[in-house]
Structures are given as C-alpha cells and as structure tokens.
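Data first, discussion second: the structure below is written as structure tokens.
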Amino acid sequence: MNPDLRKEREAATFNTELLTHILDGGSERTRRRREIESLVIGDPDFCHEDANFLSRSERYEAAVKKSALMIMKMREYGISDPDEIYYYKCIANGSHPEAIGLHFVMFLPTLKSLCTPAQMDKWLPLALSFQVIGTYAQTEMGHGTHIRALETTATFDPATQEFVLNSPTVSSIKWWPGGLGKTSNHAIVLAQLYTQGQCHGLHAFIVPIRAMGTHEPLPGVVVGDIGPKFGFDEIDNGFLKLENVRIPRENMLMKYAKVEPDGRYIKPPSDKLTYGTMVFIRSMVVGESAKAISKACTIAIRYSTVRRQSELRPGEPEPQILDYQTQQFKLLPLLATAYAFHFVGQYMRQTYLRITGDINLGDFSELPELHALSAGLKAFTTWVASAGIEVCRMSCGGHGYSHCSSLPGIYVNFTPTCTYEGENTVMMLQTARYLLKSYTQASAGQKVSGMVSYLNEMSQQRLQPQQVSARSTSVNLKDLSSLVEAYKIRASKLVELAAKSLQTELQLMKTKEDAWNHCSIDLVRASDAHCHFVIVKLFCSKLAEVEDTAVHSALYSLAHLYALHGVYQNTGDFLQAGLLTVPQLTQVTQQLKELLSQIRPNSVALVDAFDYRDEMLNSVLGRYDGNVYDNMFEWARKSPLNQTEVHNSFYKYLKPLQSKL
Ligand SMILES: CCCCCCCC/C=C\CCC/C=C/C(=O)SCCNC(=O)CCNC(=O)[C@H](O)C(C)(C)COP(=O)(O)OP(=O)(O)OC[C@H]1O[C@@H](n2cnc3c(N)ncnc32)[C@H](O)[C@@H]1OP(=O)(O)O
Ligand SMILES: Cc1cc2nc3c(=O)[nH]c(=O)nc-3n(C[C@H](O)[C@H](O)[C@H](O)COP(=O)(O)OP(=O)(O)OC[C@H]3O[C@@H](n4cnc5c(N)ncnc54)[C@H](O)[C@@H]3O)c2cc1C
C-alpha cells in the first residue's frame, strides 16, 4: 500500500463502511453487491486482454462474447433481480458499453410497456431466450430530435393484413441505433402509421431484420454499422434502410393505439405513451451520471494523494498535489456533485417506478411532471458529469491523458448521454415548457404540485407585496437551509424572468413559436435553475436520514460545498435575485476555502466509500493500493508497439529514407 494513501485512510473522521451502506441503501445490499462482484472477479472467463490494445472489430467481438457469457453465468447463478443484474453487469462491463445493451434497456422495456397481452405472450419468451435480439430504431439520418418529422412509413394493407415499411429517402434511413449494425435480428422501428389513406403519426412496430438462424439480412432490409465514433467502440451503432418490407398486422405494438383488421385506427389515451422508453432511460441516466463522475473522482483523488509535485515550502519534500488549494477546488466540488447526483439518481428511479405504476393503472396525471423532471435532470446531470470527468482527467496532468488512467474511456463512453435519449438543450426546453405552464397556472391562483410547488409561494407573495419587502432576502452562507431557500427563490425568479421574456416577445407580434425561440436562452436558464434547486433540496433532505454523527458531518460538509459552489458559479443569478450582496462575494470564497480544508482530510475515505473495485475502475492511477508508477510501467510494456524491439515501419520507411538522403 502506498504510505500516503494509508495515512489518508487512517486520518478519516468517519467509518467508510457505514457510508457505503448508506450509498447502497443498507448493509445487506452492500453485502449482496460485493458477493455478486466477487463472482465476476474470481471468474477466469472475465480475465481478458486490456481492451485499450485491441482494434475496434476485436473490441466489438470481445464485447459480444462478454454479453453472451454474462447471460449464461447469471442464469447459472440464478441472478434475476434487476438490481442484482445491474451489480453483475457493472463489474463485468466496467466503463464500457454492453454489446447487446439496447436489447435490455430499450427493446425489452418497449415490449413490456407497449405490447398487448397476446403480443407479450409471443415476443417476450423469444426475447428472453435471445432467439430474438432486438434494438430500438427511432433516429433517422435527417431527424433525431424532432421525432414527429420522422419519415419512415408503415402503411397498412388490409388485403394481406400487413404493414409495408419503407424508408422513402436517404434522410429517412435509420441511423445510430445501438446493436443495429450487426448484433440484432429484430428492431422496434418507429414509423409514421398510414391506414385508410390517413397518417396517424408515430407508432412502434416489431420488424425482423435478419433471419433467425442464419442471421443474414432479410429481403428488403439494408443494414450495417455506421463506422467508428468518438467512443462506444464496443457498439455497432447501425443504419437500416427498409424497402417494401412487409410485416404482419400483429407486429404493431397495440397496447394503446390499434389498427383493426379493416384498417380502422383506434387512438391511444395519450400519444406520448409511445415515448415511454425514452422517459425510462432518461430517469435512469441520472444515476449513471453519478456513477461516471464518482468513478472519475475516485481515480483523480486517489492519484492526487499519491502524486507529489513541485514545491510548497522551500527545502521541503514535494507535497501531495491534493494539498494545493487549486487542486482541491477542481476536485472536491465534483466529489460533492457525485454524492448529490447519487441521491438524486435514487430519487429519480423511485419517482419513475411510482408514476409508471400509476400509469399502468390508467392514471396519467403525473406523466407531465415525470417527463419534465426526467428530461431536465438527465440534461443537467449529464452536462455537469461530462464536464467534470474532463476536469478530473486534466487534474491528473499528463498521465490523465493515457488510457491507463481510464479517464479518456470514461469520458468518451459517458459524454454521448448529453446527446442520446434527447439532446440536452432540447430536454431543457421541454422542462421549461412545463415550468412556464405551471407558472401560468400558479399565477392564476391554481395550485401546482410536485417539484414545482414553490411556484405557488411566488404567486402568494405577489399578492402580498408588503410581506415580500419585509422579508430579509440575503442568504446566510453558513446555513444550508438558507442556501436551499436561496436556490428556490433563484429558480422562481428565473422562471418568472423567462415568462416575462416570452410575454415581451409575444407583444412584438411574433408567432408563439418565434417568441419561444427568441427567449430560449432564458428558458434553458430557468430549467437549469429549477434542476439545481431540486438537486440541492434532495441532497439536503437526504441528510435527515443519516443517523451516524460522523458520517452525517462529512455528508453535511459535502452538501454545503455543493450548494455554495453553485452560488459561486452563478453569482450573477443570486445577485440579480437580490439574494446575495456584493460584500458577500468575498464571504462566498472564504466559506468555500474553509469547506475545502474541512473536506480535504476525508477526501480519500469519501471516494473509498463508493466502493469501486479495481477491476471496475481498471485504472492504473486510481488503484486502491496507490502503486501507480510500477504498474504504469508494466502497463506500457504491454502495448502492441512494444511486441518487437524494432518496429516493421523502420525497415519499410525509415531505413530506405536514411539510405536515400
Ligand atoms: C437499467 C437501466 C440502465 C440505464 C443505463 C442507460 C445507459 C444506456 C446506454 C446506451 C443506450 C443508448 C441508447 C440511446 C437511445 C436513443 O437515443 S433512442 C432515441 C432518443 N430520441 C429522443 O430522445 C428524441 C428526443 N425528442 C423527443 O423526445 C421529442 O421529439 C420532443 C423533443 C420531446 C418533442 O416531442 P413532440 O414534438 O411530440 O412534442 P411537443 O409538440 O414538443 O410537445 C407536445 C406535448 O407532449 C409533451 N411530451 C413530449 N415528450 C413527452 C414524453 N416523453 N412524455 C410525456 N409528455 C411528453 C410535451 O411536454 C408537450 O406537452 P404540453 O403540450 O402539455 O406542453
Ligand atoms: C452513442 C449514441 C447512441 C445512440 N443510440 C440510439 C439508439 O439506440 N436508437 C436511436 O433511435 N437513436 C440513437 N441515437 C441517436 C440520438 O438519440 C440522437 O442523436 C439524439 O436524439 C439527438 O438528435 P440529433 O442527432 O438529430 O441532433 P440534432 O437534433 O440535429 O441536434 C443538433 C443541435 O441542434 C440543436 N437543436 C435541435 N432541435 C432544437 C430545438 N428544437 N431547439 C433548440 N435547439 C435544437 C441541438 O440542441 C443541438 O445543438 C444515439 C446517438 C448516439 C450519439
């Protein structure tokens, strides 16, 4: 064990294990998670070559092999609970995407949410036995965001009781779906439904694309891989062109919308039910943001205690780089963010399960809140986590740039979350739409509920101006509940500002849509402030559940840092809302510095509490034992370029060049 790391762990003021239990949701869950992780770690089938040294095709093949292994092994061990499957996959996949991931995260959930009982009886057993391997094909080359404009058509032919699927233009070719290029034999295709000469908008269809058995593309299906990307090397994101592909009427997913044998169309109770799987993934991605940023922080903080560089005091040994205040300022707010996102991820998951439970019972009343919250939090957390991973990488200096740190891999595989499942800006604008609707309702005296209920207070205050002016608005920077209140007021002010901006634009005789576009910066800012408030509020509420005083104190400091750092980053908003005064700006910095010093001695324990096994991090810099340099040398020696002492290119190009000049 590296002596610096050992000292850090010995100096921690709280019991790391207790904090791990809180993160896992109880000691029994920690025990079971570790038990499952040991199944993978002790399994020679999962001891594979470092993916960094493989070509893309080899990486894809290794990932497919791993997917197949995971399925077989989990069945063998009887692992079927969704949380346990998740534990198993997290350790087996590390920070790499899963080759047949789309089958699990989109194909199966879409079947479960949109199939009739008869369809479920047919497709679920096939999908669960992997006779059918599926993907979710929505995005087209020409349209990803604006899905109402998708061009793929599904035209009902009553004579044969079939739908005929077509990609009428180049821009209508399905583009991007994961696992579409080579892995899947079926796709859930989102297409414009035509029946009795009328278009009824987007609907989901199960389309066989490769023959079961031979895996050859079926007639009329042009399918393949879209080529190398920024990351996601393991995934065959694909293209799909459909040329008069016929599928039976029963292949339209008909739980809600239906086409009768005579071609009559029956409307669903809400046309947004087709979008349900996207809402599911957006809700889950919030927790994935926590995972990605907590991994990056673990690597960067452990390394920052092992790495010694430069000189703090003349003549003294080089200090640990985490002792530089600037290094703490880069990393500790991100550590606080990782904790905040973890608790918000848990909340989002529970909220998703609660509201979809109601939806399944026919109560759609909370669908707009779920959509707005999942869209906004998905965007907020993925943006922050993406930028944060990059900060972690740069905080490791040159070694952060090497794949041996794992940070480049974490970044390239995480950053597409800002784009997929709804491009982030567009998601923020969806949340803004809900905020403005809620604002209008609250202003008209109608009570709004859920996470936007603070807008009720705002409308009450407007009715009683004397109370507002009597209220002291300035935030107490040392008091967390005062900070939560400040975030709430900031959010309501920015929602109000966006609403007023929209009103002004509308008065300039613009259409509603043009007015919306002309104030979309304000709208995104309002959504951002709303999400920030939700996160600060949820983090603080979590503290009330923590019984152990030492752990409570460590988490309290983190929550305080998270809230205060947000004030520091958004001083303009807080000043504009009258929540902060110019003289307080120095206090913000002062208070931040105090918190950094308070958290610094616990930083290794705080990342240890995430309990990432070395096998999951796969990072030389983030090793638990801190033996970085020996292992870095060993890792580099494995590079394919080092397999011969003299590379072939020397004989082919350099030697002839030397002989000519
Ligand atoms: C165990 C799980 C682990 C999870 C781990 C995850 C990692 C997975 C790893 C890799 C997988 C990557 C897979 C990627 C897949 C994809 O990317 S699939 C494609 C995703 N595509 C999108 O997200 C497209 C984004 N666009 C849209 O969603 C929509 O077009 C839109 C921008 C929302 C606009 O929709 P539309 O034009 O139909 O609607 P509007 O006119 O704007 O609004 C009409 C009203 O409808 C409301 N609305 C919109 N969407 C929804 C919804 N989903 N649910 C409920 N309500 C919705 C909207 O707010 C409007 O309401 P209003 O009229 O009352 O204001
Ligand atoms: C790794 C990866 C995996 C994917 N997997 C799948 C999959 O499995 N299945 C699938 O169907 N798709 C998948 N996708 C596609 C993905 O869902 C889309 O890329 C995504 O929805 C964004 O759409 P777009 O690419 O058309 O972006 P665009 O909409 O073209 O966005 C480009 C820019 O335009 C801006 N913009 C667009 N519309 C608006 C607006 N209304 N207001 C303001 N600004 C706007 C955006 O903010 C952005 O800055 C995947 C993508 C990636 C990168």
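The values are calculated or read from the model by the stated rules, or taken from the named source; none is laboratory data. Keep in mind the model is a prediction, meaning the values are calculated, not measured. So basically every Cβ, Gly included, is an ideal-geometry build from the backbone, and we count neighbours across all protein chains shown. To get the accessible areas, we keep the full protein, side chains included, count just its heavy atoms, and leave off ligands, DNA and RNA. Shrake-Rupley method; radii C 1.70, N 1.55, O 1.52, S 1.80 Å.
Here are the numbers for the structure shown:
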item	result
Total residues in region 89-115, condition among the aliphatic types (A, V, I, L, M), within 12 Å of ligand 1 (Cβ to nearest atom) and in a helix (DSSP H, G or I)	4
Odd one out for M278 among (1) open to solvent by 10 Å² or more (accessible area, probe 1.4 Å); (2) in contact with a helix residue (DSSP H, G or I) (Cβ under 7 Å, 6 or more places away or on another chain); (3) at pLDDT 95 or above; (4) within 16 Å of ligand 2 (Cβ to nearest atom)	(2)
Enumeration of residues in region 123-164 that are touching a residue at least 60 places away in the same chain (Cβ under 8 Å), on the phi < 0 side of the Ramachandran plot, away from ligand 2 (no atom under 16 Å from the Cβ) and not in a strand (DSSP E or B)	W123, Q131, V132, P158, T160
Failed criterion for Y303 (all others in (1) open to solvent by 60 Å² or more (accessible area, probe 1.4 Å); (2) in contact (Cβ under 8 Å) with a residue 24 or more places away in the chain hold)	(1)
Members of region 364-384 that are at pLDDT below 95 and away from ligand 1 (no atom under 11 Å from the Cβ)	S365
Among residues of region 89-122, those that are among the aliphatic types (A, V, I, L, M), touching a residue at least 40 places away in the same chain (Cβ under 8 Å), buried (at least 16 other Cβ atoms within 10 Å of the Cβ) and more than 30 Å from I299 (Cα to Cα), counted	3
Qualifying residue in region 80-88 (condition: within 16 Å of ligand 2 (Cβ to nearest atom), among the small types (G, A, S) and not in a helix (DSSP H, G or I))	no
Pick from region 431-448, criterion farther than 14 Å from K500 by Cβ and β-branched (V, I, T), ranking: nearest to the chain's Cα centre (by Cα)	T431
Residue identified as over 20 Å from I301 (Cβ atoms) and modelled with pLDDT under 95 among Q576, Q658	Q576
Top-ranked residue of region 615-661 - restricted to ones that are of a type in the set (A, V, I, L, M, F, W, C) and touching an Asp or Glu at 6+ places or on another chain (Cβ under 9 Å), ranked as nearest to I36 (Cα to Cα)	M616
Scope region 69-79; condition part of a helix (DSSP H, G or I) and touching a residue at least 12 places away in the same chain (Cβ under 8 Å); matching residues	L69, M70, I71, K73, M74, Y77
Pick from region 191-217, criterion exposed (fewer than 14 other Cβ atoms within 10 Å of the Cβ) and farther than 24 Å from I147 by Cβ, ranking: modelled with the lowest pLDDT	G213
Condition broken by S365, with the remaining ones in (1) assigned to a loop (DSSP other than H, G, I, E, B); (2) hydroxyl-bearing (S, T, Y); (3) under 22 Å from M284 (Cβ atoms); (4) more than 15 Å from ligand 2 (Cβ to nearest atom) satisfied	(3)
Hey, L558 assigned to a helix (DSSP H, G or I), buried (at least 19 other Cβ atoms within 10 Å of the Cβ) and in contact (Cβ under 8 Å) with a residue 60 or more places away in the chain or not	yes
Top-ranked residue of region 218-251 - restricted to ones that are among the β-branched types (V, I, T) and within 16 Å of ligand 2 (Cβ to nearest atom), ranked as surrounded by the fewest Cβ atoms within 10 Å (Cβ to Cβ)	I226
Count - residues of region 385-434 that are open to solvent by 40 Å² or more (accessible area, probe 1.4 Å) and within 16 Å of ligand 1 (Cβ to nearest atom)	9
Region 153-181, residues that are surrounded by 17 or more Cβ atoms within 10 Å (Cβ to Cβ), more than 28 Å from the chain's Cα centre (by Cα) and of a type in the set (S, T, N, Q)	T153, T155, N166, S167
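For every residue, the table says whether it meets (1) of a type outside the set (S, T, Y); (2) loosely packed, with under 13 Cβ neighbours inside 10 Å; (3) out of contact with any strand residue (DSSP E or B) (no Cβ under 9 Å at 6 or more places or on another chain); (4) more than 20 Å from G231 (Cα to Cα).
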{"site": "I36", "(1), (2), (3), (4)": "yes, no, yes, yes"}
{"site": "G42", "(1), (2), (3), (4)": "yes, yes, yes, yes"}
{"site": "D45", "(1), (2), (3), (4)": "yes, no, yes, yes"}
{"site": "S55", "(1), (2), (3), (4)": "no, yes, yes, no"}
{"site": "E58", "(1), (2), (3), (4)": "yes, no, yes, no"}
{"site": "A63", "(1), (2), (3), (4)": "yes, no, yes, no"}
{"site": "K66", "(1), (2), (3), (4)": "yes, no, yes, no"}
{"site": "K73", "(1), (2), (3), (4)": "yes, no, yes, yes"}
{"site": "P82", "(1), (2), (3), (4)": "yes, yes, yes, yes"}
